[in-house]
Amino acid sequence: MYGGDEVSAIVIDVGSYSCKAGYAGDDTPKAVFPSVVGSIEQTEDTDDPKPEKEADSASDSKNGAKPMDVDKAKTKRRLYVGQELEFRRDHMEVISSMKDGTVTDWDIVDNIWNHAFRRRLLINPEEHPMLIAEPSTNTAQQREKAAELMFENYKVPALFLAKNAVLTSFASGRATSLVVDSGGGSTVVSAVHDGFVLQKSVSTSPVGGEFLTDCMMKSLESKGIVIRPRYSFKKKEISPGEYKIVDLDLPNTTESYRLYCMRAIASDVKESVCRVPDTAFDEVAYANVPTTSYELPDGQTIEVGADRFKVPDILFNPSLSQTIPGIDGFADSIPVRGLQRMVIDSVNKCDVDIRKELFSNILLSGGSSSILQLKERLEKEVLEESPQAARVKVMASGNSVERRFSVWIGGSILASLGSFQQMWFSKAEYEEHGVSYIQRKCP
Amino acid sequence: MSWQTYVDEHLMCEIEGHHLTSAAIVGHDGATWAQSTAFPEFKPEEMAAIMKDFDEPGHLAPTGLILGGTKYMVIQGEPGAVIRGKKGSGGITVKKTGQSLIIGIYDEPMTPGQCNLVVERLGDYLLEQGM
């Protein structure tokens, strides 16, 4: 048994949109940064003989050793993590480690972890047990891969994997709840019972914050609004106090980076003006709602009207997105369900004995759950569709930071509990029994 | 070594100061090969339902795993190999081997992971021995 009481554990949650990392016992994560990274393919001719000291390049993070699992045929690439992503570079693509919620590029995850530990938290991972938050849908192979990387690359003394929904439930002090986690890349609904996810109940949808941001962006563009990424212009003073926007010519900027920067702006518009309508959005009824002004980085002031209500309503009525020019249909043939349907379906997959408790303990988490009036709307929708006798209660932290970071906060609480210390999967156990032991130690 | 010795010395043994509440080794046909004193008396259909869940993973999830009249909520196991259930601060782990089911029931302060280790370790051994 690992004696975890001696030093603070590290809690790390790499989501599809952002990475949260910090010390167990803290109220909030110390490091929060994008979980997408910049990537520039390197050829021998262009290798920089003096790589930037702060770059978290793949080779740098492993002291020259070849990263595990990197395809040897793949050209070498330099990855830019965290703050470095905010600086435009020629030919820099923006890439994600995940596809459909599953890690497909462990090298990126490795670099994100390295950045979190060594650049942001300034710790030596060999000295701290690690609690990793994982998606409710994580597979056995994904878990073993994560564990192997932690023990082999970071030499951590101990490890635990805990599911996102369990940690959110824990953060609210509940052993049983229905967790509705609407994050950046997706929305996941999971039933948690006595501290464990009921696997059959897990329900996912590709509609998350990023999808809503794309809808907002396309809708604004369809009205003729030009969103200028911050890197693409400068302000020139043409007379005292009066400025003119000058577009910069940067032909080597990648499309993915341009989109990333435009999304950042559209996301801020969304967060500033959006509000979930009381009932299903209706184009006619909302055609003449008063507008809200928003000033874009280039000084343009735009007026947002019906979109304020239409965009967030897509969480409840995903087919609304099809009415926005330029938004692609959902890839698979399975119709995407709205939040209320996901909740009902999730509860109905659980044992009848606990459904009542789940309906009365619906927890919201994730950044997208902070949209104004979402809680009230979800409660109303679920109440209308739930069994007659059910008492429906949707809860969310009043504090948007706690809502956004509820997974991390739950991990922080869990990993600092005295009773948790016997749960760690120790390095000694890993070395004796191998990585598959993780399935038993962290059920 | 007799089946009862496996139960007494390998399933009911102490692990980090804790031990299972009860344990048993049951054949695939539902016959009890050995059990600890406190192991609940179960109905044949309860054991049949457990066997069915190994053949059809997910079968028990909507109804719960019932053993000796106690209902456990099914949590993530390993399809075809391990079923895990939870009830309050305790729970159950069932591992399937070639000819038997290894069953461990625990309660606080024993942890789910510790129960898994005890049950699955014996299960692995029996699988290696072709039993």
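The values are calculated or read from the model by the stated rules, or taken from the named source; none is laboratory data. From a predicted model like this one, the values you see are computed outputs, not experimental measurements. Positions of Cβ are backbone-derived with ideal geometry, glycine not excepted, and every protein chain shown enters the neighbour counts.
Would you check which residues across segment A:366-385 are buried (at least 20 other Cβ atoms within 10 Å of the Cβ) and part of a loop (DSSP other than H, G, I, E, B) and list them? Answer for segment A:366-385, where residues must be buried (at least 20 other Cβ atoms within 10 Å of the Cβ) and part of a loop (DSSP other than H, G, I, E, B): A:Gly366, A:Ile371. Of the candidates A:Ile362, A:Ile354, the single residue that is within 22 Å of A:Ser136 (Cα to Cα), within 14 Å of another protein chain (Cβ to nearest Cβ) and either touching a residue at least 60 places away in the same chain (Cβ under 8 Å) or touching an Asp or Glu at 6+ places or on another chain (Cβ under 8 Å) (or both) is A:Ile354. Inspect segment A:168-185 for any residue being assigned to a helix (DSSP H, G or I), under 15 Å from the mean Cα position of the chain (by Cα) and within 29 Å of A:Gly418 (Cβ to Cβ) and give the result as yes or no. There is at least one residue in segment A:168-185 that is assigned to a helix (DSSP H, G or I), under 15 Å from the mean Cα position of the chain (by Cα) and within 29 Å of A:Gly418 (Cβ to Cβ). Within the option set B:Ala38, B:Ala49, B:Ala34, B:Ala23, being within 15 Å of the chain's Cα centre (by Cα) and part of a helix (DSSP H, G or I) holds for one residue only, B:Ala49. In segment A:94-135, which residue that is of a type in the set (D, E, K, R), touching a Lys or Arg at 6+ places or on another chain (Cβ under 9 Å) and not in a helix (DSSP H, G or I) is nearest to A:Pro443 (Cα to Cα)? Ranking the qualifying residues of segment A:94-135, first place goes to A:Glu134.
Hey, among the residues in segment A:190-239 that are within 14 Å of chain B (Cβ to nearest Cβ) and aliphatic (A, V, I, L, M), which one's nearest to the chain's Cα centre (by Cα)? Within segment A:190-239, the match that is nearest to the chain's Cα centre (by Cα) is A:Val202. Of all residues in segment B:38-88, those that are more than 22 Å from A:Val352 (Cβ to Cβ) and either facing chain A (nearest Cβ under 9 Å) or in contact with a helix residue (DSSP H, G or I) (Cβ under 9 Å, 6 or more places away or on another chain) (or both) total 6. Within this structure, A:Leu259 passes the test of being over 30 Å from A:Arg355 (Cβ atoms), away from every other protein chain (no Cβ under 14 Å) and under 24 Å from the mean Cα position of the chain (by Cα).
Is one or more of the residues making up segment B:89-96 at the interface with chain A (Cβ under 9 Å from one of its Cβ atoms) and assigned to a loop (DSSP other than H, G, I, E, B)? Within segment B:89-96 (the criterion being at the interface with chain A (Cβ under 9 Å from one of its Cβ atoms) and assigned to a loop (DSSP other than H, G, I, E, B)), the answer is yes, since at least one residue qualifies.
Look at segment A:404-429: where a residue is more than 14 Å from every other protein chain (Cβ to nearest Cβ) and within 19 Å of A:Glu134 (Cβ to Cβ) and a partner is buried (at least 19 other Cβ atoms within 10 Å of the Cβ) and among the charged types (D, E, K, R), sitting 6+ places away or on another chain with Cβ atoms under 6 Å, you get A:Phe405/A:Lys20; A:Val407/A:Asp13; A:Trp408/A:Asp13; A:Trp408/A:Lys20.
You will find that of A:Ala280, A:Ala331, the residue that is modelled with pLDDT of 95 or more, away from chain B (no Cβ under 14 Å) and part of a loop (DSSP other than H, G, I, E, B) is A:Ala280 and no other.
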